[in-house]
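The values are calculated or read from the model by the stated rules, or taken from the named source; none is laboratory data. None of these values were measured; they are calculated from a predicted model. Please note: Cβ atoms are built from the backbone with ideal geometry, for glycine as well, and neighbour counts cover all protein chains shown. Quick note on the areas: whole protein, heavy atoms, side chains included, nothing else; ligands and nucleic acids left out. Shrake-Rupley method; radii C 1.70, N 1.55, O 1.52, S 1.80 Å.
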Amino acid sequence: MEIDLGKVPFTMDFHPSDNLVTAGLITGDLHLYRFNADSSPQRLLEIHAHSESCRAARFINDGQAIITGSSDRSILATDLETGSPIARLENAHEDAIFSLINLTESTIATGDDQGCIKVWDTRQRSCCNSFNAHEDYVSDMTFASDSMKLLSTSGDGTLSVCNLRSNKIQSQSEFSEEELLSVVIMKNGRKVICGSQNGTLLLYSWGFFKDCSDRFTGLSPNSIDALLKLDEDRVITGSENGLISLLGILPNRIIQPLAEHSEYPIEQLAFSHDRKYLGSISHDQVLKMWDLDDLLQTSVNAQNDQAAVSDSDSDEMDVDTKPPKSRKGAKRKNENANGAASSFFADL
């Protein structure tokens, strides 16, 4: 299933309980679509949400609203039913917003191009935590809710751990030679996986974040722009050559290339609420929804034809099937923005 967005998308998100998907575009527009297996996707909303590119979008309040962050430094909450703005925060950051994630039912986190992370209370419409976590853009974030730790990766090549209880940066890794672009927590919280610009996966053991405990090079030299955890042992990757692959973690291996979105970099991967579909976006201006069961069944069939792999950890990733080569695409543009930060949402 495909949706032609008309412009390059930078972000996407699925509704938490309905067949709805949203996409934020380079133009600052926000789209909302309803999809079903037996009909073409229907566009429900098209909103010019920001004056510059819409870099991040997430459903909040149990799917009643969509919150977006932009390179114009603003954060906007939009009502799902009416498409009307609920609240807008101008000058939310001193620099362009690059990333945004949900933390709890009432909090989100945003990261900007200069490495600053802010935590926002969406009910009080105010900033409740701020961390100067990095020296370059905050490429990705993930949240460990049990320990209230916010993990982030950056273009400066570091992984940071922010403690939301103490409001302190608890730990930061040594600088990597490559930009870190994506991050997930796996192995029941024991391992943190980071994707890098040169295609190496870095594994960190929980609590020992100064240096990685393992490196996988099976996807090199194509940058790993997106990571999506399938389960505690398998992760789906999106690379700059447009390939979507399934990887096993400890034992380390490429299980199977799953799909090829296009020849351009994968911007983001996400699951639909029922995990029936795997969504992907790229610079080809198309949002694709892949039947996850079909992809994984193909993967299982391929694995049955492969020789058994070692269960031991190794510095090199064991490759079951070599992914086909694809031309490299352009990287995401970094727009610049300037100005002072504001401390509260303005009612609209």
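Residue pairs, Cβ under 9 Å, 6 or more apart or interchain, first in the stretch 87-109 and without any contact (Cβ under 8 Å) to a residue 24 or more places away in the chain, second open to solvent by less than 10 Å² (accessible area, probe 1.4 Å). List them. Pairs that qualify, where the first residue is without any contact (Cβ under 8 Å) to a residue 24 or more places away in the chain and the partner is open to solvent by less than 10 Å² (accessible area, probe 1.4 Å), are T107/V119; T107/W120.
Applying a threshold of 9 Å to beta carbon distances and a minimum spacing of six or more residues, or different chains, the list of pairs starting in the stretch 113-130 at a residue that is touching a residue at least 12 places away in the same chain (Cβ under 8 Å) and open to solvent by less than 40 Å² (accessible area, probe 1.4 Å) and ending at one that is part of a strand (DSSP E or B) and charged (D, E, K, R) reads K118/D112; N129/K118. Evaluating R73 against the criteria (1) more than 22 Å from M141 (Cβ to Cβ); (2) basic (K, R); (3) touching a residue at least 60 places away in the same chain (Cβ under 8 Å) leaves one unmet condition, (1).
Screening the candidates L228, L164, L219 for the property of being under 17 Å from the mean Cα position of the chain (by Cα), among the aliphatic types (A, V, I, L, M) and open to solvent by 10 Å² or more (accessible area, probe 1.4 Å) yields one hit, L228.
Screening Y204 with (1) of a type in the set (F, W, Y); (2) modelled with pLDDT of 95 or more; (3) surrounded by fewer than 20 Cβ atoms within 10 Å (Cβ to Cβ) gives one miss only, at (3). Counting the residues of the stretch 31-69 that are among the charged types (D, E, K, R) and under 23 Å from R123 (Cβ atoms) gives 2.
Residue-by-condition table, conditions (1) hydrophobic (A, V, I, L, M, F, W, C); (2) part of a loop (DSSP other than H, G, I, E, B); (3) modelled with pLDDT under 95:
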site: R215; (1), (2), (3): no, no, yes
site: G218; (1), (2), (3): no, yes, yes
site: P221; (1), (2), (3): no, yes, yes
site: L227; (1), (2), (3): yes, no, no
site: I236; (1), (2), (3): yes, no, no
site: L250; (1), (2), (3): yes, yes, yes
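Within the stretch 71-85, the residues that satisfy the criterion of being farther than 14 Å from T110 by Cα and crowded, with 17+ Cβ neighbours inside 10 Å are T78, L80.
Could you check, for the stretch 1-21, whether at least one of its residues is of a type in the set (K, R) and over 19 Å from F271 (Cα atoms)?
Within the stretch 1-21 (the criterion being of a type in the set (K, R) and over 19 Å from F271 (Cα atoms)), the answer is yes, since at least one residue qualifies.
For every residue, the table says whether it meets (1) at pLDDT 95 or above; (2) part of a strand (DSSP E or B); (3) open to solvent by 10 Å² or more (accessible area, probe 1.4 Å); (4) acidic (D, E).
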position	(1), (2), (3), (4)
T11	yes, yes, no, no
T22	yes, yes, no, no
L30	yes, yes, no, no
R34	yes, yes, yes, no
S40	no, yes, yes, no
H50	yes, no, no, no
A56	yes, yes, no, no
G69	yes, yes, no, no
A87	no, yes, no, no
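For the stretch 258-291, taking the residues that are open to solvent by 20 Å² or more (accessible area, probe 1.4 Å) and among the aliphatic types (A, V, I, L, M), the one that is farthest from S40 (Cα to Cα) is identified as L258.
Can you confirm whether the stretch 183-192 contains a residue that is open to solvent by 50 Å² or more (accessible area, probe 1.4 Å), over 20 Å from D113 (Cα atoms) and in contact with a strand residue (DSSP E or B) (Cβ under 9 Å, 6 or more places away or on another chain)?
Going residue by residue through the stretch 183-192, those that are open to solvent by 50 Å² or more (accessible area, probe 1.4 Å) are 188, 190.
Now narrow it down to the ones that are over 20 Å from D113 (Cα atoms): 188, 190.
Narrowing further to those that are in contact with a strand residue (DSSP E or B) (Cβ under 9 Å, 6 or more places away or on another chain): 190.
There is at least one residue in the stretch 183-192 that is open to solvent by 50 Å² or more (accessible area, probe 1.4 Å), over 20 Å from D113 (Cα atoms) and in contact with a strand residue (DSSP E or B) (Cβ under 9 Å, 6 or more places away or on another chain).
For the structure I just gave you, tell me whether L246 is closer than 24 Å to S152 by Cα, in contact (Cβ under 8 Å) with a residue 40 or more places away in the chain, open to solvent by less than 10 Å² (accessible area, probe 1.4 Å) and assigned to a strand (DSSP E or B). Can you show your working first?
Details: closer than 24 Å to S152 by Cα: yes; in contact (Cβ under 8 Å) with a residue 40 or more places away in the chain: yes; open to solvent by less than 10 Å² (accessible area, probe 1.4 Å): yes; assigned to a strand (DSSP E or B): yes.
It is true that L246 is closer than 24 Å to S152 by Cα, in contact (Cβ under 8 Å) with a residue 40 or more places away in the chain, open to solvent by less than 10 Å² (accessible area, probe 1.4 Å) and assigned to a strand (DSSP E or B).
Somewhere in the stretch 141-150, is a residue buried (at least 19 other Cβ atoms within 10 Å of the Cβ) and part of a loop (DSSP other than H, G, I, E, B)? No, there is no match, as no residue in the stretch 141-150 is buried (at least 19 other Cβ atoms within 10 Å of the Cβ) and part of a loop (DSSP other than H, G, I, E, B).
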